[in-house]
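Here's the structure we're looking at; comments come further down.
The values are calculated or read from the model by the stated rules, or taken from the named source; none is laboratory data. Bear in mind the structure is a predicted one, so any value in this text is a computation, not a measurement. As a convention, Cβ positions derive from the backbone with ideal geometry for all residues, glycine included, and neighbour counts pool all protein chains shown.
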Amino acid sequence: MSQIEIADISKTYAIGDISINAVDNVSLKIDKGDFVSIVGHSGSGKTTLLSIIGGIIGPTSGSVVYDGMDICSLNDDKLSEYRSEKIGFMFQFASLLPILTVKENVILPGLFSKKGLGDNIKKAEQYLDMVGIGDKADAYPSQLSGGQQRRVAIARALINNPEVILADEPTGDLDEETEAEIMDLFKRLNREKRVTFIFITHNLDLARQAQRQVQMKNGLLNEVLL
């Protein structure tokens with residue numbers, strides 16, 4: 001059984017009398033430990049698909065089955081549990097809270113888990129060390145470079161030991177050198193911890209670094225070799 005099985009997923013938005021299929025009858029199977037890139041132009045449905053996989057929004061039709069569990073049938077509490085315990089999110093921008101320290105930003109998602117605060121503080125320190133900014137734990141976001149803020153976002157995404165990382169343009173605001181460092185870190189986490197990565201990018205060179213590449217166009221998805 002695949003870790004994630006997406007079957008005939010569609011998402012339709014109504015704008016006045018017009019219906020727009022942001023995602024159109026998409027099916028995809030993802031195994032544990034896969035490293036998958038999704039490419040496509042703006043408005044092709046990439047972010048909508050990622051949001052459906054993560055349980056942020058629901059599909060109009062179809063199913064998303066995670067380890068045998070159809071997340072589309074879960075109530076709000078169970079869906080929150082799924083997002084908290086199974087999925088780590090990385091958005092297009094680091095989106096750190098400026099009034100919190102680096103360590104506090106990393107701990108934040110852990111406050112919604114069943115772990116104690118002390119355990120989360122220890123894990124936050126470990127992950128900050130892992131991403132190379134352990135010495136910045138007590139700094140504030142305004143004191144960090146863009147690359148350092150991105151590393152904080154990675155540590156934050158990992159705090160609940162997710163089985164899947166969903167990343168939307170995770171290196172979009174970084175220079176080439178920092179981008180390469182972040183991708184190397186993703187690959188190491190994928191290889192050593194078997195974390196499944198699904199990431200969106202406009203950069204075809206980055207997309208080619210994934211084990212699998214899929215392309216979205218007008219809500220439709222095709223697996224491709226770039």
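For residues that are assigned to a strand (DSSP E or B) and surrounded by fewer than 21 Cβ atoms within 10 Å (Cβ to Cβ), tally how many sit in segment 158-180.
Step one: list which residues in segment 158-180 are assigned to a strand (DSSP E or B), which gives 164-168.
Next cut, surrounded by fewer than 21 Cβ atoms within 10 Å (Cβ to Cβ) only: 164, 168.
Of the residues in that region, 2 qualify.
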How many residues, within segment 12-63, are touching a residue at least 60 places away in the same chain (Cβ under 8 Å) and over 21 Å from VAL224 (Cβ atoms)?
2
When residues of segment 179-205 are filtered for being in contact with an Asp or Glu (Cβ under 8 Å, 6 or more places away or on another chain) and at pLDDT 90 or above, how many remain?
7
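Just checking, does segment 141-153 include any residue being in a loop (DSSP other than H, G, I, E, B) and of a type in the set (D, E, K, R)?
no
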From the list PHE186, PHE199, exactly one residue is of a type in the set (Phe, Trp, Tyr) and either farther than 17 Å from ILE38 by Cα or not in a helix (DSSP H, G or I) (or both). Which is it?
PHE199
Screening ILE57, ILE71, ILE53, ILE87 for residues that are farther than 15 Å from VAL164 by Cβ and among the β-branched types (Val, Ile, Thr) leaves only ILE57
Quick test of your reading of the structure: VAL152 fulfils all but one of (1) at pLDDT 90 or above; (2) of a type in the set (A, V, I, L, M); (3) farther than 18 Å from VAL36 by Cβ; (4) in contact with a strand residue (DSSP E or B) (Cβ under 9 Å, 6 or more places away or on another chain). Name the failing condition by number.
(4)
In segment 21-80, the residues that are out of contact with any strand residue (DSSP E or B) (no Cβ under 7 Å at 6 or more places or on another chain), of a type in the set (S, T, N, Q) and loosely packed, with under 14 Cβ neighbours inside 10 Å:
SER42, SER73, ASN75, SER80
Note down all Cβ pairs under 9 Å where the first residue falls in segment 124-145 and is under 16 Å from ASP184 (Cα atoms) and β-branched (Val, Ile, Thr), the second is modelled with pLDDT of 90 or more and assigned to a helix (DSSP H, G or I), and they're at least six residues apart or on different chains.
VAL131/VAL152; ILE133/VAL102; ILE133/VAL152
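Let's see how each residue does on (1) within 30 Å of ARG150 (Cβ to Cβ); (2) under 18 Å from the mean Cα position of the chain (by Cα):
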residue	(1), (2)
GLN3	yes, yes
THR12	no, no
ASN21	no, no
ASP34	yes, yes
LYS46	yes, yes
ASP77	no, no
THR101	yes, no
GLU104	yes, no
LEU111	yes, no
Does TYR140 fit the bill of being within 21 Å of VAL195 (Cα to Cα) and in contact with a helix residue (DSSP H, G or I) (Cβ under 9 Å, 6 or more places away or on another chain)?
no
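From the list LYS32, LYS11, which one is out of contact with any Gly (no Cβ under 9 Å at 6 or more places or on another chain), farther than 27 Å from GLU125 by Cβ and among the basic types (Lys, Arg)? Outline the logic, then answer.
Values: LYS11 fails: out of contact with any Gly (no Cβ under 9 Å at 6 or more places or on another chain).
Of the residues listed, the single one that is out of contact with any Gly (no Cβ under 9 Å at 6 or more places or on another chain), farther than 27 Å from GLU125 by Cβ and among the basic types (Lys, Arg) is LYS32.
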What residue, of VAL39, VAL26, is under 17 Å from the mean Cα position of the chain (by Cα) and more than 20 Å from ARG83 (Cα to Cα)?
VAL39
Tally up the residues in segment 89-109 that are in contact with a Gly (Cβ under 9 Å, 6 or more places away or on another chain) and within 23 Å of GLY33 (Cβ to Cβ), please.
2
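What number of residues within segment 154-179 are under 18 Å from the mean Cα position of the chain (by Cα) and under 19 Å from GLN209 (Cβ atoms)?
Taking segment 154-179 as the starting set, the residues that turn out to be under 18 Å from the mean Cα position of the chain (by Cα) are 154-174, 179.
From what is left, the residues that are under 19 Å from GLN209 (Cβ atoms) are 154, 157, 164-174, 179.
Counting residues in segment 154-179 that are under 18 Å from the mean Cα position of the chain (by Cα) and under 19 Å from GLN209 (Cβ atoms) gives 14.
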